Structure formats: structure tokens, C-alpha cells
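The structure that follows is given in the form of C-alpha cells.
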Amino acid sequence: MKTKFLIGGAVIVIALAYMIYAGVTQSAVYFVTPSELRAAPVTGKAYRVGGMVEKDSLKWDARTLDLRFTLSDGRASIPVRHHGTAPDLFGEGRGAVVEGTWTSAGDFKASQILAKHSEEYKAPHDPDRAGYKELMKTLQGSK
């Protein structure tokens with residue numbers, strides 16, 4: 001009787017350990033950098049690419065929902081095309097992860113854009129800080 005409980009307990013522990021392991025490995029988000037993609041791009045292959053949106057690279061056409069920007073890791077850059085709207089936190093000088101495929105034209109066709117954000121929240125409560133002034137402009141609807 002005691003042996004049955006030990007075997008049953010061991011089976012439960014093993015099953016629980018496997019479920020935890022499978023959950024952690026499936027929820028981990030892996031991505032390649034623009035440098036890694038540029039080193040060996042495969043046309044049509046699905047990738048997840050992470051980097052920073054370069055300044056002055058963001059082009060948005062609201063009529064066609066065409067979004068274009070350049071993603072960089074500081075060593076290499078890739079042009080990205082996306083059809084649709086971008087997430088709220090997306091912008092120039094910010095981190096982003098894009099999912100999609102490398103095209104034969106030499107650019108990345110994104111099917112999804114994930115905006116990366118800082119894990120440290122700082123409320124813009126100091127009136128002398130630029131972030132506070134920008135927030136107030138946005139809330140008041142002024143430009």
C-alpha cells in the first residue's frame with residue numbers, strides 16, 4: 001500500500017515538473033536581431049526580430065494603413081513593412097519586436113508588431129520634466 005502511494009506521488013511530481021517545464025519553454029519569447037537576420041536571411045521564412053525603431057524612419061499612410069520603418073540593433077538595420085495600425089507604445093527610438101517573413105525584395109514584411117516597454121514605471125509628476133509637459137499637451141489636446 002505504501003509503495004503504491006510512493007509510485008503515485010512520483011508520477012504526480014514528474015507530471016507536474018513536465019507541465020511547468022513545457023509552460024516555461026513555450027512562453028519564452030525568442031527573437032533574432034537585425035544583424036543575425038542580415039547574416040543569413042531566408043526568403044519566406046518566418047522570423048521574430050527585435051530591435052530599436054530608428055529615428056526619422058517611421059512612415060505612416062492612414063489611407064492605406066501602410067506602415068514602414070527601420071529596425072536596428074546598432075550594428076545592422078532592416079526595413080520593415082506592415083499593413084495595419086501599430087500598438088500604442090510603438091514609436092521612433094523605442095524597442096519593438098516584429099513577427100513576419102523576409103521577402104525577396106530585401107525587406108521584412110511584418111504580420112504583427114509588439115512594442116517593448118520599460119519595466120520601470122515613472123509617473124511624470126514633475127512639471128519641469130519634458131515627459132510631464134508632453135503628457136499634459138496630449139491630455140489637453142494641444143499640439
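Conditions: (1) modelled with pLDDT of 85 or more; (2) under 30 Å from residue 96 (Cα atoms). Residue 30 meets all but one. Number of the miss?
(1)
Which numbered condition trips up residue 2, out of (1) exposed (fewer than 11 other Cβ atoms within 10 Å of the Cβ); (2) among the charged types (D, E, K, R); (3) closer than 27 Å to residue 90 by Cα?
(3)
Scan region 55-90 for residues that are polar (S, T, N, Q) and in contact with a Pro (Cβ under 7 Å, 6 or more places away or on another chain) and report the count.
3
Taking the options 71, 16, 58, name whichever one is of a type in the set (A, V, I, L, M, F, W, C), free of Cβ contacts under 8 Å to residues at least 40 places away in the same chain and in contact with a helix residue (DSSP H, G or I) (Cβ under 8 Å, 6 or more places away or on another chain).
Answer to the selection: 71.
Given the structure, is residue 74 assigned by TED's automatic domain parsing to the domain that holds residue 109, at pLDDT below 90 and not hydrophobic (A, V, I, L, M, F, W, C)?
On the way: assigned by TED's automatic domain parsing to the domain that holds residue 109: yes; at pLDDT below 90: yes; not hydrophobic (A, V, I, L, M, F, W, C): yes.
When the stated conditions are applied, residue 74 passes them.
Right, residue 67: touching a His at 6+ places or on another chain (Cβ under 9 Å), hydrophobic (A, V, I, L, M, F, W, C) and on the phi < 0 side of the Ramachandran plot or not?
yes
Then there's this: Just give me the residues in region 29-44 being surrounded by 11 or more Cβ atoms within 10 Å (Cβ to Cβ) and in contact (Cβ under 8 Å) with a residue 24 or more places away in the chain, in sequence order.
Correct list: 31, 33, 34, 35, 37, 38, 41.
For residues in region 77-115 being of a type in the set (S, T, N, Q) and either in a loop (DSSP other than H, G, I, E, B) or modelled with pLDDT under 90 (or both), which is surrounded by the fewest Cβ atoms within 10 Å (Cβ to Cβ)? Spell out how you get there, then give the answer.
Just the residues of region 77-115 that are of a type in the set (S, T, N, Q), to begin with: 77, 85, 101, 103-104, 111-112.
After this cut, where a residue has to be either in a loop (DSSP other than H, G, I, E, B) or modelled with pLDDT under 90 (or both) as well, the list is 85, 103-104.
Working: 85: 12, 103: 14, 104: 8.
The qualifying residue surrounded by the fewest Cβ atoms within 10 Å (Cβ to Cβ) is 104.
The values are calculated or read from the model by the stated rules, or taken from the named source; none is laboratory data. Quantities reported herein were computed from a predicted structural model and do not represent experimental measurements. Counting neighbours? That spans all protein chains shown, and the Cβs are built from the backbone with ideal geometry, glycine included.
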